[in-house]
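Only the coordinates and a few stated rules stand behind these numbers; no lab work does. These numbers come from a predicted model, not from an experiment. Cβ sites come from the backbone with ideal geometry, for glycine too, and all protein chains shown count toward neighbours.
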Amino acid sequence: MLSILKTLWVTLVHALHRRATVLYPERKRRLPARWRGRIVLTRDPDGEERCVACYLCSSACPVSCIALQAGIDEKGRRRPEFFRINFSRCIYCGLCEEACPTFAIQLTPDYEMAEYDRANLVYEKEDLLISGTGKQPGYNFYRVSGMEISGKKKGEAENERPPSDVRSLLP
Amino acid sequence: MSGIAIAILVIFGVLFGAVLIAAGMTWFERRLLGAFQERYGPNRAGPFGVLQVVADMLKIFTKENWIAPFADKALFVIAPAIIMISTLASFAVIPIAPAILVSDLDIGLLYFLAMSSFAVYSVALAGWASNNKYSLLGSIRAVGQMVSYEVFMGLSLMGVVLQAGSFSMRDIVEAQHGMWYVVPQFVGFVVFFVAGLAETRRIPFDIPEAESELVAGYHTEYSGFKFAMFYIGEYVGITLISMMIVTLFFGGWQGPFLPPLVWFLLKTLAFIVLFILIRAALPRPRYDQLLSFGWKLMLPLALLNLAVTGGIVLAVGK
């Protein structure tokens, strides 16, 4: 009997406590930078697309919501000809971000993606591309890799030695 | 002529007042439960979310009025009407203020007890007519619970009747001029409060509609308007029990400074809040615990209270 009265009292006192609810549309929580929300495709510091169309994100995706087609542009770089994410399927697991070798695909702290039409949740490359570098500011894949493209010969990348002539006996 | 007009006004005022309070409680309860659980509850529609009531009504009345093909159709339709009619009819004998009383019956208290027993039919028929095992289990539990709690609900009030010397609700209120009956009849008050909780099938006595075991108990098959009758009927029942407690134990409309109507509504509101607080705080007992609590503790307590009150009234007069 006494415990019942105590229970009632404790419950009553809770009415005076601060409420845990965040009144959402008016007030929004600060999200951490690594929040897994809307997926974007970032650019390198020179403004070029980072994506090299390696298909790793697409094959890592557990719900197969990423579709893309690789192509080679006039500079000899691999690029996606199209890049499509179906956000009505996406589960925001972040495996694509982990799989990406060039930091191109990244998840952002944005979750307000509601649509009235389901078809509007299919994002094309122009919807996904952003102008900035995202979470990896200084990184440029072609500047650190040995891959040869127009304007950059082999051995010209950062921390890369010139290629050795395998036909020469000189050291 | 003006007498009849006033009478009609009082009748409709009490009727609509009761339904309005019950409808408002659906919002009030959720807000209050929210506060007890450190959240907000419905706060979007209108100021403080009061228009939530309108939104809920619109929603529930535009739902499909479904009758299950395997149900007993006539009983299925009648059952929710019974609970509304019987609880609303009880408001006729409640003296809300000296001038606001639909019917000053000599046997007002007995009338109330009869009407609250009538509500058992609603629950029993709803479960039976649904032809569904969860509904039937729910209504079996409800009937067992309500019949056993009826017994000491009546007995707990007899102490009040002995002291007031009348079954008329107005006489009972007026007899509490010097002292509210909650003081001499404290045991009776506690027993009646527990029985009232059980009558309205509220937590912790919501075993008939225990959603974790029986889906929704006797109203599992109901939807739309007929479900609304059960739903609002529960809140009308809470309002009724709160008003009965105020009338029988807390001096009804009596109180200093404020007008009688305000006093009555304030006291009623306090008990409605208590009902909601109990819902927020207490868990649901097992079915056998509930029945043994009723028969082995509450009933002897009510009988003892009645015997002691009777002895004292015999020895020293009222």
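Counting only Cα atoms, chain A measures 97, 43, 28 Å along its principal axes, largest extent leading.
Here the convex hull built on the C-alpha positions of segment B:1-136 has a volume of 186 cubic angstrom per residue. Across the alpha-carbon atoms of chain B, the computed radius of gyration and Dmax are 19.8, 63 angstrom. Taking a straight Cα-Cα cut-off under 14 Å and skipping sequence neighbours fewer than 8 places away in the same chain, no aspartates and glutamates fall within cross-link reach of A:LYS6.
Just so you know, the Rg over Rh for the protein assembly as shown is 1.25, from Cα atoms, with Rh as the Kirkwood radius. What the Kirkwood sum gives for segment B:128-196 is a hydrodynamic radius of 13.9 Å, with every pair of different alpha carbons counted. Kindly flag which residue pairs out of B:LYS133/B:LYS296; B:LYS63/B:LYS226; B:LYS133/B:LYS226; B:LYS59/B:LYS133; B:LYS59/B:LYS267 have an alpha-carbon separation exceeding 22 Å in this structure. The answer is B:LYS133/B:LYS296; B:LYS59/B:LYS133; B:LYS59/B:LYS267. With kT/(6 pi eta Rh) evaluated at 4 °C and eta = 1.567 mPa s, and Rh the Kirkwood radius from Cα pairs, segment A:27-78 diffuses with a coefficient of 94 µm²/s according to Stokes-Einstein.
Pairs of Cα atoms nearer than 8 Å and 6+ residues apart set the relative contact order; for chain A it is 25 percent. Give me the distance between the Cα centres of segment A:21-79 and segment B:173-216, rounded to whole Å. Taking the Cα centre of segment B:173-216 as reference, the centre of segment A:21-79 is 61 Å away.
Taking other C-beta atoms within 10 Å as the exposure proxy, B:ILE232, B:ILE278, B:ILE312 rank B:ILE312, B:ILE278, B:ILE232 from fewest upward.
Set the Förster distance to 56 Å, then compute FRET efficiency between B:VAL147 and A:GLU126 from the Cβ-Cβ distance, nearest 0.05.
The pair B:VAL147/A:GLU126 has a calculated efficiency of 0.20.
In terms of the mean number of neighbouring beta-carbon atoms within 10 Å, the peptides B:197-204, B:262-269, A:71-78, B:14-21 order highest first as B:197-204, B:262-269, B:14-21, A:71-78.
For A:SER58, A:SER145, the sequence from fewest to most other C-beta atoms within 10 Å is A:SER145, A:SER58. Computed from the Cβ-Cβ distance with R0 of 45 Å, the FRET efficiency linking A:VAL10 to B:PHE61 stands at 0.70. Inter-chain Cβ neighbour count for A:9-16, averaged per residue, equals 5 (cutoff 10 Å, partner chain atoms only). Dividing the summed helix terms, -39500 (n - 2.57) for each DSSP H run of n ≥ 4, by the number of residues in the protein assembly as shown produces a 222 nm estimate of -16500 deg cm²/dmol to the nearest 500. Round to the nearest 0.05 the FRET efficiency obtained for A:MET113 and B:LEU314 when R0 = 60 Å and r is the Cβ-Cβ distance. FRET efficiency, A:MET113 to B:LEU314: 0.15. Using the Cβ of B:PRO98 as centre and a radius below 11 Å, the other residues enclosed give a net charge of -1, where K and R count +1 and D and E count -1.
Partner shielding of B:276-287 amounts to 3, given as the average count of beta-carbon atoms from other chains within 10 Å of each residue beta-carbon.
Which residues does a label at A:ARG30 reach in segment A:91-113, if reach means a backbone N under 16 Å from a point 7 Å past the Cα toward the Cβ? Label zone hits: A:109. For segment B:1-87, applying the loop criterion from DSSP together with a ceiling of 15 other beta carbons within 10 Å to the trypsin sites (Lys or Arg not before Pro) yields B:ARG39, B:ARG44, B:LYS63. Computed from backbone phi, the HN-Hα couplings of segment B:97-104 come to 8, x, 9, 9, 8, 5, 9, 8 Hz, rounded to whole numbers (Karplus: 6.51 cos²θ - 1.76 cosθ + 1.60, θ = phi - 60°; Gly and Pro given as x). Per 5 Å bin, what percent of the C-alpha pairs of segment B:219-318 does each bin hold, from zero upward? Over segment B:219-318, the share of Cα pairs per 5 Å bin runs 2, 10, 10, 12, 17, 19, 14, 9, 4, 2, 1, 0 percent.
Ranking B:ILE172, B:GLY196, B:TYR231 by how far each Cα lies toward the positive end of the dipole of segment B:148-242 (charges on Cβ) leaves B:ILE172 at the top. Averaging the sequence gap over all C-alpha pairs within less than 8 Å and six or more residues apart, then dividing by the number of residues, gives chain B a relative contact order of 24 percent.
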